[in-house]
Amino acid sequence: MLYNALKLLHVLSIIVWVGGMAFAHFFLRPAAQQLPAAQRVPLMHGVLQRFLGAVGAAVVVVLTTGLAMIGMVSMGGGFAMPWDWMFMSGTGLLMMALYAYLFLSLMARLDAAVASGDWAAGGAVLARIRSVVGVNLLLGTAIVVVVLLW
Ligand code: HEM
């Protein structure tokens with residue numbers, strides 16, 4: 001029961017993280033591209049501030065529940081981690097590193113661009129954020145495919 005509750009929290013957090021990236025990448029950004037930079041950059045800044053805050057919480061839950069499940073299964077001893085779990089853990093840590101780069105470095109640059117009203121610089125940072133989110137979306141999708149198919 002505890003194991004299933006941990007897995008539920010784990011997957012709910014993944015839905016927020018990966019689903020939010022899919023929404024931003026495929027629906028919000030293409031529609032926002034129609035706006036002039038002076039409106040688009042502050043809009044995307046406001047959306048990303050809120051979304052990345054929620055992803056920060058999701059990352060904490062994914063990591064703690066994932067490690068707790070591994071701890072529970074390995075408690076009896078003689079535990080060999082299945083390869084799909086290894087793939088999920090390694091790729092998940094890579095996704096978290098990319099999230100940290102996005103949150104700590106790119107968002108700081110976007111904050112500065114918005115504060116100074118430099119829409120060209122803001123647009124350039126948004127393009128970089130888009131690439132990082134695209135990579136994380138691919139990695140997250142790959143994890144879900146591997147874990148659910150194997
Ligand atoms: C370092 C981070 C992570 C660790 C340590 C971890 C660990 C785990 C563990 C131990 C399970 C239970 C597997 C089972 O009972 O069969 C699990 C389930 C799952 N994880 Fe992760 N995980 C991590 C990150 C991720 C990420 C980033 C994703 C997706 C983007 C993900 C998606 C899933 C899914 C969909 C399940 C349910 C699989 C099933 O019930 O068949 N995990 N995770």
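The values are calculated or read from the model by the stated rules, or taken from the named source; none is laboratory data. The structure displayed is predicted, hence computed values, not measured ones. Every residue, glycine as well, gets a Cβ built from its backbone with ideal geometry; the counts of neighbours run over all protein chains shown.
For THR65, all conditions in the list (1) away from the ligand (no atom under 14 Å from the Cβ); (2) surrounded by 12 or more Cβ atoms within 10 Å (Cβ to Cβ); (3) of a type outside the set (A, V, I, L, M, F, W, C) hold save one; what is the number of the exception?
Single failed check for THR65: (1).
Is it the case that VAL47 is within 16 Å of the ligand (Cβ to nearest atom) and surrounded by 16 or more Cβ atoms within 10 Å (Cβ to Cβ)?
Working: within 16 Å of the ligand (Cβ to nearest atom): no; surrounded by 16 or more Cβ atoms within 10 Å (Cβ to Cβ): yes.
No, not satisfied.
Assess whether GLY134 counts as being more than 10 Å from the ligand (Cβ to nearest atom) and modelled with pLDDT under 95.
Spelling it out, it is not the case that GLY134 is more than 10 Å from the ligand (Cβ to nearest atom) and modelled with pLDDT under 95.
Could you pull out the residue among VAL114, VAL41 that is more than 10 Å from the ligand (Cβ to nearest atom), assigned to a helix (DSSP H, G or I), in contact (Cβ under 8 Å) with a residue 24 or more places away in the chain and over 21 Å from the mean Cα position of the chain (by Cα)?
VAL114
Which number in (1) over 21 Å from VAL16 (Cβ atoms); (2) surrounded by fewer than 15 Cβ atoms within 10 Å (Cβ to Cβ); (3) in contact (Cβ under 8 Å) with a residue 24 or more places away in the chain marks the one condition that GLY76 misses?
(3)
Scanning for something out of contact with any Phe, Trp or Tyr (no Cβ under 6 Å at 6 or more places or on another chain), in a loop (DSSP other than H, G, I, E, B), without any contact (Cβ under 8 Å) to a residue 60 or more places away in the chain and aromatic (Phe, Trp, Tyr), does the stretch 81-103 turn up at least one residue?
no
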